[in-house]
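The values are calculated or read from the model by the stated rules, or taken from the named source; none is laboratory data. Because the structure is a prediction, the values reported are computed rather than measured. FYI the Cβ positions are ideal-geometry reconstructions off the backbone, even for glycines, and counts take in every protein chain you see. Note: accessible area is taken over every heavy atom of the protein model, side chains too, but ligands, DNA and RNA are not part of it. Shrake-Rupley method; radii C 1.70, N 1.55, O 1.52, S 1.80 Å.
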Amino acid sequence: MLRWLRNSFLTGIIVATPVTVTVWLIYAFITFVDSTIKPLIPDRYNPETYLPFALPGMGLIIAVLGLTLLGALAANIFGRSLLAVGERIVNTMPLVRNIYGALKQLVETVLGAQNNAFKEVVLVEYPMAGSYAVAFVASHGRGAIRHHVGKGKDEVIGVFVPTTPNPTSGFLLFVPRSKAIPLDITIEEAAKLIISFGLVTPDRLPEGAHPAGSSVMPDDPEAGEDAPRPNT
């Protein structure tokens, strides 16, 4: 009975925790946006002025509409001309232009429709030989980077090695393409693997499965030469 109660309690925690955390994050985000946007709305245009209750999520809806209108404005000729004038003004400010340029390049890289970054998951030797880390292909090494890392012959890729359990921080490494082992898993599956400390393994990497072309070691290290070998 005690074992059944313990298992039921742990199962309840496993089921309730992701749901609770997800709901709390959504609520906290909506509350933050509402508290930031609502004070900017004049009282005469604020529906809550004429209602006896608050409208949760109104600030988020207004923010989405505002960003949509801003994007539509920037897509036409007048908007592009206005943005060009604004960027020329910003480029005359020494400190501001550096911050603006870095943020603009980062956002365009992450959200750009033509971007191919973070489309591939690989294994790279890190932080020492024989130890592998999950990484995301972010860019291609060119110029001096390719000359020194790939000796001017091998393709060089820039990989982002995230930290566990926070994948938003990590390290940028440049390695030869031949040294990166591709993994047949999606970005989402790799992120789950990292966030869960390796406990959530993608279904496409079951126990005993090996990537094509990789060497397979016998389960028993003492099996030696008599161990059965896989057919190739």
Next on the checklist: Looking at the structure I just gave you, is L60 open to solvent by less than 70 Å² (accessible area, probe 1.4 Å) and farther than 30 Å from R97 by Cβ?
Outcome noted: yes
Next on the checklist: With the requirement that a residue be open to solvent by 60 Å² or more (accessible area, probe 1.4 Å) and in contact with a helix residue (DSSP H, G or I) (Cβ under 8 Å, 6 or more places away or on another chain), what does region 30-51 give you?
Outcome noted: S35, T36, D43, T49
Item to check | Among (1) over 30 Å from V137 (Cα atoms); (2) open to solvent by 80 Å² or more (accessible area, probe 1.4 Å); (3) assigned to a helix (DSSP H, G or I), the one test that T92 misses | outcome: (3)
Checklist outcome for this item: Of the listed residues (I30, I37, I13), the one being part of a helix (DSSP H, G or I) and within 30 Å of L199 (Cα to Cα) is I13
Checklist entry - If we keep just the residues of region 161-188 that are in contact (Cβ under 8 Å) with a residue 40 or more places away in the chain, open to solvent by 30 Å² or more (accessible area, probe 1.4 Å) and out of contact with any Pro (no Cβ under 9 Å at 6 or more places or on another chain), which is farthest from Y126 (Cα to Cα)? => result I187
Next on the checklist: in a strand (DSSP E or B) and either in contact with a Cys (Cβ under 9 Å, 6 or more places away or on another chain) or surrounded by 14 or more Cβ atoms within 10 Å (Cβ to Cβ) (or both): which single residue out of F118, F136 fits that description?
Outcome noted: F136
Next on the checklist: So, K151, is that one under 28 Å from Q105 (Cα atoms), open to solvent by 70 Å² or more (accessible area, probe 1.4 Å) and either modelled with pLDDT under 90 or touching a strand residue (DSSP E or B) at 6+ places or on another chain (Cβ under 7 Å) (or both) or not?
Outcome noted: no
